[in-house]
Amino acid sequence: MHVRRRGLLVCWVAGVVLACLNPSVTDAAEVTIDRDRAMEFAKRFDARIEKWTVEHRASAYQAAVVYNGDFLLLKGYGTVREGEGAPDPEQDHVRIGSLTKTFTATAIAKLLSDGRISSVDEPVNHYLVRFKLPQNNGAEVRIRDLLSHTAGFEDYFWRLADTSMGPSPVSKEAALEQMPAMVRPIGKERSYSNFGASLLGMLIEDITGQSYPEFLKNEVFKPLGMTSVVPNGEREFPELTTAFNFSAEGDFHPVDYVPISPVIAPAGAVHASAKDMALFMSALLGHGPEGFLPLLSRQRLSKILHYSISDKSGIAMQFFVSDWNGHRIVEHAGGWVGFESQMLLIDDELGVFLNGAGGGGQDSEGGENGWIKRPPLSGLGMREAILTDLLGPRNTPQKGLNKPVNISEYVGVYDDQRRTFSNAVAFLYNYGLMGMRVTVELSDDDGVLLINGNRYSYAGKDVFVRSEDRIIYNATLVDNQPIHFFRNENGSVIGLAPSLYISEFRRIPDYLAPLTVRMLLDYGLWALIGISCIFAVLFVAASGSFPTLIGPIISSVSSWVFLRTLEEPGLGFGEVIFGNDDALQGLILAANGMAAGGAVALIFFVANFARIISSNTALRWGTMVTGVGFAMITGALMFVFLGGNLIGWLLP
């Protein structure tokens, strides 16, 4: 099947991305992807997805493979909705999550082509109308910074599912309410930012006077013949595939539909079919409508790419650009509740799209009905399986050479910098309740590290590669990839990043390791409960005043509430992403209760000091000692809470 051609001039981001690398960026690949090789891959890929479906890694898949404008594979697998068969790849929607960012980048490319944006180096505030971005340490945020995730924003998942602010275009107040703080200098460190991508959508609206969904529909989807795509994640549509989660016993239940906030829509709201994505990939690979012209020259485009840890890895126009065995890979992944997607454009020739819906449950096999359940595929797991099948296992530097003198210098816990720093949600990250971290340990073999439990061999200066070639289908950000460590000016190891990464991981001191702090926090809270009770009894006995119970009672009850809230199932990412702030508000209330209880106890202690001093020796010293202990534990907990931004901070 050939992609339909139309006589409309459309400027595609392909001109930006696929030509953005100068010749020095990728090595010549030994294997050429010709039509025969592409067709063989499509057949194997089809069979592999059938196997994944039988293994219940997902309840449904949609897949597309395109080569030089031809559709080599366009197919649905599994169950589209309860009681129905496989998804129709031309009509049924899936949620593509952050792949939406590639459509947003395409729209920006269109505005650049039309001259409505003069340069990616222009400040965002030249075009933003409804509000103005604050400067970042005296520097203006440029469009380039938003396109490369280097504007300096922290990232948080607060109220991504909150639709209370109304449809797009959102108001100034709604946008500012969800705008994160800038916590790092512009251009110095890459950290994936949903809000940064959403700002590009607001830019499109302020420049064109159209809503983001309207502009995509008129300027991107219609010209390409993408008829099933929906740029709206605020409500459920009849054509949307239902994601089902499976249990290890074979039971299944539908995943609840979770809307996406209009503020974040340009970063993740699009629904699309496999055919829609096939048409989009064909256009990106240069087989779109007639009249297509490259956007910019190769020399100018290369400046848009933001390199990361090597000259083969970076971001161009929201797309990730990398190398696999000498082949250039331009890609993006996307996930939203119940869905995982991956899109790969390989050597300007081949495009692969895969979406998996549902999954869940634990690995199991057998049972009365021979039920098989394997872990669901993550976006990175999809990526690894596709590229390994097509291009072979990743070529890595020869393992075991130039072993470091002191491999223990890499050992430690590394914290993901794609997180919140400036408000109460930071507490959840600081104390291990949210976020991703990497643990690096020594193994029994010389020159080999255990990184999140997987074996990595030394492969050159500060680079480690997987010692095993097996594919981790439910891979996280640091699985399956070479790991690069980096140092400060004094030569000390301070962080790491996978070769294809969306943020850095910074080393944290051992005493701040989340498990250590969480354990000390638990012990501190139980100690406060215990000493509050003893202090209360002695305090009343020494002062003869029952109102002196108020402070210790408030502190002990608040401590118990804090402990119970920490133990609530789902506290963390799930609560925050849905905008359910009950748990976090409970922590804030309890923390402030402890502070209030301590203050009340201090007031009563001072007011009754004369009575305490005049009491008998045992009561006097017992009250004084427990009072000091009460004050010290309360003070230590307040220090922890203040360090975690939990007291005195409002939610975003």
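If DNA, RNA and ligands are ignored and the probe is 1.4 Å, what is the ranking of HIS93, HIS126 by accessible area, most exposed first?
The most accessible residue leads, giving HIS126, HIS93.
What does the C-alpha gyration tensor say about the overall shape of segment 458-505? Classify as rounded when a/c is under 1.5, otherwise prolate if a/b is larger than b/c, or oblate.
Oblate is the answer for segment 458-505, as a/c is 1.5 or above yet b/c matches or exceeds a/b.
Taking K and R as +1 and D and E as -1, what net charge do the other residues with C-beta under 14 Å from the C-beta of GLN342 add up to?
Taking every other residue near GLN342 into account, the sum is +1.
What pairs in LYS75/LYS110; LYS51/LYS222; LYS222/LYS275; LYS101/LYS222 have C-alpha atoms more than 24 Å from each other?
The answer is LYS75/LYS110; LYS51/LYS222.
Does segment 168-258 come out rounded, prolate or oblate, given a ≥ b ≥ c as the square roots of the eigenvalues of its C-alpha gyration tensor, rounded meaning a/c under 1.5 and, failing that, prolate meaning a/b above b/c? Mind showing how you got there, number by number?
Values: a/c = 2.26, a/b = 1.33, b/c = 1.70.
Since a/c reaches 1.5 but b/c is at least a/b, the shape of segment 168-258 is classed as oblate.
With a cut-off of at most 15 other beta carbons within 10 Å, and DSSP calling the residue loop, which trypsin sites (Lys or Arg not before Pro) in segment 442-545 qualify? Please list them. All intermediate terms of the calculation are to be shown ahead of the outcome.
Numbers: sites: ARG455, LYS461, ARG466, ARG470, ARG487, ARG506, ARG507, ARG518; in loops: LYS461, ARG470.
In loop regions of segment 442-545 (DSSP not H, G, I, E or B), the sparsely surrounded trypsin sites (Lys or Arg not before Pro) are LYS461, ARG470.
Rounded, prolate or oblate for segment 86-148? Axes are the square roots of the Cα gyration tensor eigenvalues, ordered a ≥ b ≥ c, and the cut-off for rounded is a/c under 1.5.
Working: a/c = 3.23, a/b = 2.17, b/c = 1.49.
Prolate.
The values are calculated or read from the model by the stated rules, or taken from the named source; none is laboratory data. None of these values were measured; they are calculated from a predicted model. No Cβ is skipped: glycine too gets one built from the backbone with ideal geometry, and neighbour counts run over all protein chains shown. What goes into the accessible areas is simple: the full protein's heavy atoms, side chains included, and nothing from ligands, DNA or RNA. Shrake-Rupley method; radii C 1.70, N 1.55, O 1.52, S 1.80 Å.
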